[in-house]
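A quick write-up on the structure given underneath.
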Amino acid sequence: MKQLNWFWILFSIWLLSLDHGWWMAAFFFLLTGSQRHQMEVWIVLLLSFRMLIPFSPDIPDQFQGRVIRLYDNSVLIENKGVRYQLITETRLTLDDWVEVEANWIETEDSSHFFAFDTHSYRLQNRIAGLCEARTLKVLQSSKSWRGWLQKKIETQPEALQPALFQLVLNQGKDDSSFLAECGFHYAMLLRLITGILGYFFKEDTVKRAEVFFTLFLLLILYFPMALVRIFFFLIFQKDGKRKSCLPFYGLLVYLFHPPLLHSLAFLIPVGLMLIPHDRSSRILFLVLIQSYFFYECHWISFVVFRWIQRAAAILSLLGWLQLITDLPFFTYSMHALEPFLQLESEIMIGLGKIPTFLFGIGLFHLFSSLKKKRTMGLLGVCFVLLTTGWVFPWAEVSVINVGQGDSLLIRLPLNRANILIDTGKKSASDKVLQFLKARGIRHLDALILTHQDEDHCGGKDILMEQMEIKEIIERYQEPFCLDSFCLVFLGPLKDYEEENDNSLILAFSLNGLDFLLMGDASSQAEKDLIQTYGRMHFDFVKIGHHGSHTSTSLAFLNSVSFSTALISSGVNNPYQHPDPLILKRLFSYGIAVLNTQQQGDITIGFTHFFNFLITSNQEFGIIKKVMK
Amino acid sequence: MGKLLIFFIVLLVSFWIQWHPWHGLDEPRTITVEVRGEIENPGLFVLEAPATVAVLMDQLEFKENASLDRLSFQQVLMDQEILIIPSKAEMEGTISINSATLEELMKLPGIGEVTAQRILDYRSEHGGFKRLEELMEVPGIKEAKYAKIKDQIRL
């Protein structure tokens, strides 16, 4: 067993106190397993004071800054380490110095477990906020090489532009390309060039040419971190041992561009450097990375990973040639190689927060030099757990944050049965699918649609395409039973004129907790419910119609007692659900409220010993059964 | 082994820092009710939610001529509610929405036979009104109509 440097451990724990700090902590901690240099310790100690300043940007009415990144209809402007995202129609060039009078836009998104989380993305990338420009002045137009290249690319046919931006300028216009950010194609490109040069010149000359060429790229492209990494290892690697310079590289990144430590662009190359150099380890590492950052693993991506790299390298070389010589190299090759790049953009979707522990364990065993067989075995188990959803062995009821709309998932332990109640709007079907896939759910035993409103069954068609659904229930029927679990239909009790009143009212019991789901039923349907069933007790009630004042009448509250109300409503929704009057009523009746607007995704888990609650805004609680 | 242990400690600490407990259920919810009118000790009363009038009653000292006709013991008090205890004289001539007949209800302004019948229906369906405002849950009675009749009714 290797000795541990206690300082590093304490330092790691301290780093944890920063947002998402455990990444860095794990990284440094793992590095210390093999490396110990007193000097580094002191350097880190000194530099870490930089991180003591938390990121709490103010949002000024007016700001100046340099354009550092282009997106489809917005740009990123940086000034002294703080970034602002500006939505604009004006064509700006990279490295323009602009002055903006801004109207700040509030982001209309609450948190999710698995879907893209705007808030943490902003924090990680030090983006202060999103704004529109009242006035936009270009104080000094771009004189950099980057700007020149951009203008050059913009003269090319429109269809080619995104790919050229990605491969030549290292700017994914839609921000989805991790390949461009990791810069693997540069590495390949350099290898290609040195390979060609190797035929003609001596080794020393080739080495020097490589360094020179990298430096040249660095200057032109304004120091993308991917190239900095390559350059760094070119200069500092001794006898081919890249591992020994890793801590220094970590420091460098930590010092100049801390957000990078969280990103794939840092983790993938560094991780690949650390793990044993054989195919199986590499594939497992990619599996783990994917399972951490994305809601599902796509097996193709790591099998063809190498080939995507190569294709991108060749394309970027041809892209350069086309830009310089104006001959259509790129245009032709693009057709041949496009499928590869398509694949890349298809598999790299939303950023999420899948349970870290699994990933951590895998990474730990990969990095620490355990016996290969054991590591492989362990990772194999992890992989099975992830893809089958057995990572979450407990039963759960989740209110999926679909914005304005409803979607609720009931899952029995080990995916024995999955029932989805409503799908949310069509536009939210992504979020539902991501949630299901992240839980390893490939089929639904039942899809229950309470009624035909768009915000309840809009995603039905997409869901039916993507999932195997055994049964779709849209009408009142006898209790629906699977295993020992029964879903009871309480309503609608008659035909109402109002469409909302005809919505299905469901009740079920899991592990001692009783649930009532009111759908969109209004006070009229509530009245009939009370009359038919009399006084009732529940633990959780998803109150009717997203908390609108037409539901949750006083009579309902007097007859149905419950301790927690679930509300599914969107941030800043035009109907202003939930109604303040209803919230006040719930408060006065001593009922706690969980609202997807604030809590994001809400999951209530059931284990053999206790029931618990976790929400995607990082709250958790043990549910003690208290009836009031 | 030591390394593994420390790894799990790090994991635990990270969990501890990133997650925070939800206090929704244990959170003490107190409501404030203002009581005025025919009582000896008017003022604000702080009660633990959910609180019914029966709970509040222990703390109130009624004057001799106070009338309880507008209160139901089962009524759940709302936060920041204002209760006005009327005198017996004021209550004279008012109509009890919990016991009035169809003809009596129709004497109220703006209440015709249809609405009066609906009130009766609601009463029989829900076992009576537990607070005056509940009248607004009867179809056909909105805020404007309720404002007109609220001084002429009791529970």
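The values are calculated or read from the model by the stated rules, or taken from the named source; none is laboratory data. Since the structure is predicted, the reported quantities are computational estimates derived from the model, not experimental observations. Because the Cβ atoms are built from the backbone with ideal geometry, glycine has one as well, and the counts that use them run over all protein chains shown. With ligands, DNA and RNA removed, areas are computed over all heavy atoms of the protein, side chains included. Shrake-Rupley method; radii C 1.70, N 1.55, O 1.52, S 1.80 Å.
What's the number of the condition B:Asn65 fails, among (1) away from every other protein chain (no Cβ under 12 Å); (2) under 21 Å from B:Lys130 (Cα atoms)?
(2)
What is the one condition in (1) away from every other protein chain (no Cβ under 11 Å); (2) surrounded by fewer than 17 Cβ atoms within 10 Å (Cβ to Cβ) that A:Ile622 does not satisfy?
Every listed condition holds for A:Ile622 apart from (1).
Determine which single condition A:His451 fails, assuming it passes every other condition in (1) buried (at least 16 other Cβ atoms within 10 Å of the Cβ); (2) in contact with a strand residue (DSSP E or B) (Cβ under 9 Å, 6 or more places away or on another chain).
Failing condition for A:His451: (2).
Is there any pair linking a residue in region A:91-107 that is in the same structural domain as A:His119 (by TED's automatic domain parsing) to one that is open to solvent by 60 Å² or more (accessible area, probe 1.4 Å) and of a type in the set (D, E, K, R), with Cβ under 6 Å and at least six apart or on different chains, and which?
A:Glu99/A:Lys137; A:Glu101/A:Arg134; A:Asn103/A:Glu132; A:Asn103/A:Arg134
Pairs please, first residue from region B:36-59 and under 18 Å from B:Pro86 (Cα atoms), second anywhere and among the acidic types (Asp, Glu) and in a strand (DSSP E or B), Cβ atoms under 7 Å, 6+ apart in sequence or on different chains.
As it stands, the answer is B:Leu44/B:Glu34, since those pairs meet every condition given.
In region A:426-438, what residues are open to solvent by 40 Å² or more (accessible area, probe 1.4 Å), without any contact (Cβ under 8 Å) to a residue 40 or more places away in the chain and under 15 Å from A:Val399 (Cβ atoms)?
Within region A:426-438, no residue meets the criteria.
For A:Arg535, all conditions in the list (1) on the phi < 0 side of the Ramachandran plot; (2) more than 11 Å from chain B (Cβ to nearest Cβ) hold save one; what is the number of the exception?
Among (1) on the phi < 0 side of the Ramachandran plot; (2) more than 11 Å from chain B (Cβ to nearest Cβ), A:Arg535 violates only (2).
Answer yes or no: is there a residue in region B:23-42 that is at pLDDT 85 or above, open to solvent by less than 40 Å² (accessible area, probe 1.4 Å) and within 14 Å of another protein chain (Cβ to nearest Cβ).
Yes, some residue in region B:23-42 is at pLDDT 85 or above, open to solvent by less than 40 Å² (accessible area, probe 1.4 Å) and within 14 Å of another protein chain (Cβ to nearest Cβ).
If a residue counts only when it is at pLDDT 70 or above and touching a helix residue (DSSP H, G or I) at 6+ places or on another chain (Cβ under 7 Å), which strands (runs of 3 or more DSSP E) contained entirely in region A:325-432 have at least 2 such residues? Working first, answer last.
Working: elements: A:395-399, A:408-411, A:418-421.
Ranges flagged: A:395-399.
Considering only region A:553-565, state which residues are without any contact (Cβ under 8 Å) to a residue 60 or more places away in the chain and within 11 Å of chain B (Cβ to nearest Cβ). Show your work before the answer.
Residues of region A:553-565 without any contact (Cβ under 8 Å) to a residue 60 or more places away in the chain: A:553-560, A:562, A:564-565.
Across region A:553-565, the qualifying residues are A:Ser553, A:Leu554, A:Ala555, A:Phe556, A:Leu557, A:Asn558, A:Ser559, A:Thr564, A:Ala565.
Name the single residue, out of those in region B:60-103 being of a type in the set (Asp, Glu) and at pLDDT below 85, that is least open to solvent (accessible area, probe 1.4 Å).
Filtering region B:60-103 for residues of a type in the set (Asp, Glu) gives B:61, B:64, B:69, B:79, B:81, B:90, B:92, B:103.
Those left that are additionally at pLDDT below 85: B:69, B:90, B:92.
On the way: B:Asp69: 59, B:Glu90: 116, B:Glu92: 147 Å².
Of everything passing the filter in region B:60-103, B:Asp69 is least open to solvent (accessible area, probe 1.4 Å).
Going by the conditions given, is B:Ala116 at pLDDT below 85, buried (at least 19 other Cβ atoms within 10 Å of the Cβ) and under 26 Å from A:Phe556 (Cβ atoms)? Show your work before the answer.
Values: at pLDDT below 85: no; buried (at least 19 other Cβ atoms within 10 Å of the Cβ): yes; under 26 Å from A:Phe556 (Cβ atoms): yes.
So B:Ala116 fails the test.
Hey, B:Glu48 hits all of (1) crowded, with 17+ Cβ neighbours inside 10 Å; (2) modelled with pLDDT under 90; (3) within 14 Å of another protein chain (Cβ to nearest Cβ) but one; which does it fall short on?
Failed condition: (1).
Consider A:Asn617 carefully, then state whether it is in contact with a helix residue (DSSP H, G or I) (Cβ under 9 Å, 6 or more places away or on another chain) and more than 10 Å from every other protein chain (Cβ to nearest Cβ).
Values: in contact with a helix residue (DSSP H, G or I) (Cβ under 9 Å, 6 or more places away or on another chain): yes; more than 10 Å from every other protein chain (Cβ to nearest Cβ): no.
The answer is no for A:Asn617.
For a quick check of your reading: which helices (runs of 4 or more DSSP H) sit entirely within region B:60-155 and have at least 1 residues that are touching a residue at least 24 places away in the same chain (Cβ under 8 Å), more than 30 Å from B:Glu40 (Cα to Cα) and not basic (Lys, Arg)? It would help to see each step written out before you state the result.
Working: elements: B:88-91, B:102-106, B:113-126, B:143-149.
By residue number, B:113-126.
Looking at A:Ser523, A:Ser568, A:Ser548, which is the one that is touching a residue at least 12 places away in the same chain (Cβ under 8 Å), more than 14 Å from every other protein chain (Cβ to nearest Cβ) and out of contact with any strand residue (DSSP E or B) (no Cβ under 8 Å at 6 or more places or on another chain)?
Details: A:Ser523 fails: more than 14 Å from every other protein chain (Cβ to nearest Cβ); A:Ser568 fails: out of contact with any strand residue (DSSP E or B) (no Cβ under 8 Å at 6 or more places or on another chain).
On inspection, the qualifying residue turns out to be A:Ser548.
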